[in-house]
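The values are calculated or read from the model by the stated rules, or taken from the named source; none is laboratory data. Keep in mind the model is a prediction, meaning the values are calculated, not measured. Don't worry about glycine lacking a Cβ; one is built from the backbone with ideal geometry, like all the others, and counts go over all protein chains shown. Surface areas here come from the heavy atoms of the whole protein model, side chains and all, with no ligands, DNA or RNA. Shrake-Rupley method; radii C 1.70, N 1.55, O 1.52, S 1.80 Å.
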Amino acid sequence: MQKLIEAWSGEAVVARYDRAAQAWMFIAIHDTTLGAAMGGCRMKVYGSPEDALRDAMRLAEGMTCKWATVGFDLGGGKSVLAVPRRLEGAEREGLLRRFGRLIDSLRGAYACGPDLGTTPEDMAVIAQETAHVHGGTRQGETADPGPYTALGVWAGIRAAVRHTFGSNELTGRSVLIEGVGDVGRPLARLLHDSGARILVSDIEAERAGAMASEVGGEVVAAQDVYNTPCDVYAPCAVGATLNAETIPALRCRIVAGSANNQLSRPEDAEQLYARGILYAPDYVINAGGATALPLLGRGEQTEAQIRDRIAGFERALEEIFSEAAAGNESPLHAAARRVERVLEARRRERWPER
Ligand code: PHE
């Protein structure tokens, strides 16, 4: 853990061991140039507390990029609850409430929301202990970021398809969705409604089967995800599925999905570029939930306005793809430059003497 923290580019880490649930709580605060840290809370079984902390750190960094990209005055942060096994009922509620108290003790330095392994219902439990939580309830209803994230990914896929095939028409395009959870499911429906041919894969075979029959798609076995021919591969589950082993096997033209940290290392973007596969930078295409949550919380915009803003990711990604093509580089570079411009402008405003 010492090495991890020493090597990290972020600002701070909060760590607590929760004896009652035998769980580790980590809150990683990456960059607060734009504002207080906000980001989802992931609950998962990890191989070690170090793995959990590493995940929190990488995810927090992704949030810094995400907020800068969508233009919100928020900083990059993320939390991880590393549980010994899947927790349910009173045990789960207890852990979430104690986590809520930890968040509250930070007095707004970090605000949370749902992420992989947590739900809007979990956020409602956390909300009993702190106000610094999003996506719990909206006038008594739960505000689920999943469908908003899916909308952004759908818009991003259209941009990628246009850049690659000359038109954003999705009819007949094949999209392989890896992970039909909170984002993958609404994404499959949107794509199906646009005429795309859907291939589905999920670690839970039953879930994959149910989704495939709903949209008239096909199930792809987990071990075949990376070598199945398709137009678009949409990673919508865990991160790092793009790595030195999978990239050479890919038989898609486009990678565009909702997972955070899709690349195992930033250099993987170069590998994709060398293979002629268009990569939609994860923190740009998956920012729909992050766009919706703060706006829903403020309650100033209508549902239609929020959806319009997210549909605008199509334009943003088209620009990123064109800029990258003009510079003969991966879209990740174009996206990263945008992030750096936003952060640098704010640094100059806030600390002009530096
Ligand atoms: N966890 C999701 C994401 O990474 C949604 C979310 C965004 C949750 C922002 C909290 C804050 O985009």
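Side notes on the structure shown:
- Accessible area in square angstrom per residue, the chain, 1.4 angstrom probe: 43 Å²
- Loop sites here are GluC sites (Glu not before Pro) outside DSSP states H, G, I, E and B with no more than 14 other Cβ atoms within 10 Å. The longest part of the chain free of them is 1-87.
- Distance histogram for region 120-251 (every C-alpha pair counted, 5 angstrom bins, percent rounded to whole numbers): 2, 10, 18, 19, 18, 13, 9, 7, 4, 1, 0
- When only Cα pairs below 8 angstrom with a gap of at least 6 residues are kept, the chain shows a relative contact order of 15 percent.
- Degrees separating the helix 146-165 axis from the principal Cα axis of the chain, which is the longest one: 30 degrees
- The convex hull around the C-alpha trace of region 212-269, projected and averaged over every direction, spans 4.2 square nanometres.
- Within a Gaussian network of the chain (alpha carbon springs, distance under 10 Å), most fluctuating of 197, 337, 185: 337
- Over all projection directions, the Cα-based convex hull of region 1-147 averages an area of 8.5 nm².
- Taking the chain as a Gaussian network of alpha-carbon nodes connected by springs under 10 Å, the highest mean-square fluctuation of the residues 21, 269, 150 belongs to 21.
- Debye log10 I(q)/I(0) for region 40-87, one point scatterer per Cα, at q = 0.14, 0.18, 0.21 Å⁻¹: -0.38, -0.55, -0.67
- Ratio of Rg to Rh for the chain: 0.95 [Cα atoms; Kirkwood radius as inverse mean 1/r over pairs].
- As a length-normalised measure over Cα pairs under 8 Å and 6 or more apart, the relative contact order of region 107-204 settles at 20 percent.
- Length-normalised contact order for region 21-143 - Cα pairs under 8 Å, 6+ apart - percent: 30 percent
- The share of Cα pairs per 5 Å bin across region 250-354, counted from zero up to the longest distance, runs 2, 11, 17, 20, 17, 14, 11, 6, 2, 0, 0 percent.
- Acute angle (nearest 10 degrees) that the helix 89-105 long axis makes with the longest principal axis of the chain, alpha-carbon atoms: 70 degrees
- Rounded tilt (10° steps) of 184-193 against the dominant C-alpha axis of the chain: 30 degrees
- These residues, 66, 3, go from largest to smallest accessible area, 1.4 Å probe, as 3, 66.
- Accessible-area composition of region 43-186, carbon plus sulfur, in percent [1.4 Å probe]: 47 percent
- Region 242-352, accessible surface, carbon-and-sulfur percent (1.4 angstrom probe): 49 percent
- Prolate/oblate/rounded label for region 190-320 (Cα gyration tensor, a/c 1.5): oblate
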